[in-house]
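Input: a single structure, listed below in structure tokens.
The values are calculated or read from the model by the stated rules, or taken from the named source; none is laboratory data. Note that the structure is predicted; figures quoted are calculated from it, not measured. Don't worry about glycine lacking a Cβ; one is built from the backbone with ideal geometry, like all the others, and counts go over all protein chains shown.
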Amino acid sequence: MIQARQAAPAQRAGNIRLGKSMITKRRFIQGTLLATLLPMKFRLLAEVNTMQPTVESALEHSIAEIINEYAEQGIHRTGTEVDHHSADWLIQKIESLGVAATDTAFEFQRLQPITTQLVIGDAVVSGVPLYDCRYTDAVGLTGSIGDLGSNADIGVIMALPFDAAPNVRRLYESRKTGQHKAIVVVTDSQLPEEGAALLNAEDFTAPFGPPVLQVANKHWASIQAAIKSGQQVGFVLHCEYVKAIARNVEAIIKGSRPELAPVVVMTPRSGWWVNASERGGGIACFLEIMRAVKASRPKRDVIFTANTGHELGHTGLSLFLDNNPTLIEDALIWLHLGANFAAKFGSQVRLQYSDDDAVKSLDPWLKQNGLTPSAITPIGQRPLGEARNVYDGQGRFVSILGGNGLFHHPADRWPEAVDLPVATKWVKAFMQLAVAEAGDSKV
């Protein structure tokens, strides 16, 4: 379903291999946190519409500018016009730092929703399809509606947008058994009622199960009323696949001793919505590390990769690893700039390390910036997010990610959803870590 092809870059960065044949199917488990990290229900509209971030330093100002520009681009789904515009923007940002940037493109079948709705009497409930299920034709189906696990034609469940959430595990099992002709997933009431918080498509390359429609929490009452009344409802999840191109963005800052093992800095750059706090912090950290490393005149090569396809089973990262099959083990260390550490609501930053030396490498910069993570994944346990790919390949890593009370929700916008001062501290710590690792000449 997904093929890689060489883009036409303005410049080729170092020895990063661009373009390759068909990506091998690889299952990625969604790198999310447990539902317990989700905070209480947020009442955003009345509380934060007038709030503006306080910019107190040049670094804060730069981070604010990056997140603002990224968020203003629109909905960052893989292979869309916004995704391509965002890739061009990131390349320009990199080149403005005096670093050569390139992109690696891959062909894939992008899902294009056509009609995606539940019809209850005269009311039409519109939503977003799950991106790794099967779909209806243009007519759809009519049937009974009831709780997931019932005998109804259309099953209904309320769920958080986390793979580890209990109701998401129930949903997954129901999809595997095919007990319903269709399923409706209602966003959990802990998130804002306007807008659907979407689930990642871990099985994008191998869709399975009945059609699944994801809808906003505001529709919960009307759906429950339909269940109690026993009325028949209509369901249409009509989508098509269209040929599309998506792009990773890559760069290398050459060190003075290229024989040394390189440092790799990676971040995802795509997602379901505007993703201000989910993805914006990682993008900003990616660019600020690049700025700092270039100024430091590093000894080691530092490889940067910003990957699309995050929400579709990490397809962009899969391409990068297929094109660079020895890099996981060859690198000195991978710095994974994951989701949500810039979030204002329920961030609860989690750090993940491959080994004790990785812990020691970051520790002085945490102390210097007065930072303490809310959680640390035990060493030896398979980590969350893209760091798990490095773990699976037996590489070394330091990883940052967090929870988010607006995870995968359209309300994750700038500036309301971003904790700029705290995000700045984390960015600074990872800048210092990258510079130290890139300047370390120990073999």
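Please find, among ILE67, ILE75, the residue that is crowded, with 17+ Cβ neighbours inside 10 Å and either in a loop (DSSP other than H, G, I, E, B) or in contact with a helix residue (DSSP H, G or I) (Cβ under 8 Å, 6 or more places away or on another chain) (or both).
ILE67
Of the residues ALA101, ALA138, only one is assigned by TED's automatic domain parsing to the domain that holds LEU406 and in contact (Cβ under 8 Å) with a residue 24 or more places away in the chain; which?
ALA101
The rows are residues; the columns are (1) charged (D, E, K, R); (2) modelled with pLDDT of 95 or more.
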position	(1), (2)
ALA13	no, no
LYS41	yes, no
LEU44	no, no
GLU47	yes, no
GLU65	yes, yes
THR78	no, yes
SER86	no, yes
ILE91	no, yes
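Does at least one position in segment 124-141 carry a residue that is surrounded by fewer than 18 Cβ atoms within 10 Å (Cβ to Cβ), closer than 29 Å to SER277 by Cβ and over 19 Å from the mean Cα position of the chain (by Cα)?
Among the residues of segment 124-141, at least one is surrounded by fewer than 18 Cβ atoms within 10 Å (Cβ to Cβ), closer than 29 Å to SER277 by Cβ and over 19 Å from the mean Cα position of the chain (by Cα), which makes the answer yes.
Within segment 134-150, is there a residue that is assigned to a helix (DSSP H, G or I) and touching a Phe, Trp or Tyr at 6+ places or on another chain (Cβ under 9 Å)?
no
Just the residues that are in a loop (DSSP other than H, G, I, E, B) and not small (Gly, Ala, Ser), please, taken from segment 201-243.
Those that are in a loop (DSSP other than H, G, I, E, B) and not small (Gly, Ala, Ser): GLU202, ASP203, PHE204, THR205, PRO207, PHE208, PRO210, PRO211, GLN231, GLN232.
Here are some residues: LEU198, LEU260. Which one is in a loop (DSSP other than H, G, I, E, B), in contact with a Phe, Trp or Tyr (Cβ under 8 Å, 6 or more places away or on another chain) and modelled with pLDDT of 95 or more?
The match here is LEU198.
Identify, please: which residue in segment 235-250 is surrounded by 24 or more Cβ atoms within 10 Å (Cβ to Cβ) and more than 20 Å from the chain's Cα centre (by Cα) and is, among those, nearest to LEU319 (Cα to Cα)?
The qualifying residue nearest to LEU319 (Cα to Cα) is LEU237.
Taking the stated definitions as given, is GLN112 over 27 Å from ALA246 (Cα atoms) and either surrounded by fewer than 22 Cβ atoms within 10 Å (Cβ to Cβ) or touching a residue at least 24 places away in the same chain (Cβ under 8 Å) (or both)?
When the stated conditions are applied, GLN112 does not pass them.
Select from segment 104-130 the residues that are in contact with a strand residue (DSSP E or B) (Cβ under 6 Å, 6 or more places away or on another chain), closer than 22 Å to LYS228 by Cα and either in a strand (DSSP E or B) or not assigned by TED's automatic domain parsing to the domain that holds GLU193 (or both) and list them in ascending order.
GLN117, LEU118, VAL119, ILE120, VAL124, VAL125, SER126
Considering only segment 283-318, how many residues are closer than 22 Å to VAL418 by Cα, touching a helix residue (DSSP H, G or I) at 6+ places or on another chain (Cβ under 6 Å) and assigned to a helix (DSSP H, G or I)?
Number of matching residues: 6.
Condition test on HIS336, is it in the same structural domain as VAL427 (by TED's automatic domain parsing), in contact with a Ser or Thr (Cβ under 9 Å, 6 or more places away or on another chain) and surrounded by 20 or more Cβ atoms within 10 Å (Cβ to Cβ)?
So HIS336 passes the test.
Quick one: which residue in VAL398, VAL435, VAL390, VAL359 is modelled with pLDDT of 95 or more, within 20 Å of the chain's Cα centre (by Cα) and assigned to a helix (DSSP H, G or I)?
Checking each option against the conditions leaves just VAL390.
If I filter segment 362-387 down to residues being among the small types (Gly, Ala, Ser) and under 15 Å from the mean Cα position of the chain (by Cα), which single residue comes out as nearest to ASP188 (Cα to Cα)?
Among those that are among the small types (Gly, Ala, Ser) and under 15 Å from the mean Cα position of the chain (by Cα), it is GLY385.
So which residues in segment 146-171 are over 32 Å from the mean Cα position of the chain (by Cα) and either hydrophobic (A, V, I, L, M, F, W, C) or modelled with pLDDT under 95 (or both), if there are any at all?
ALA152
I'm checking my understanding of the structure. Among residues of segment 186-200 that are more than 18 Å from GLY271 (Cα to Cα) and within 20 Å of the chain's Cα centre (by Cα), which one is surrounded by the most Cβ atoms within 10 Å (Cβ to Cβ)?
The selected residue is PRO192.
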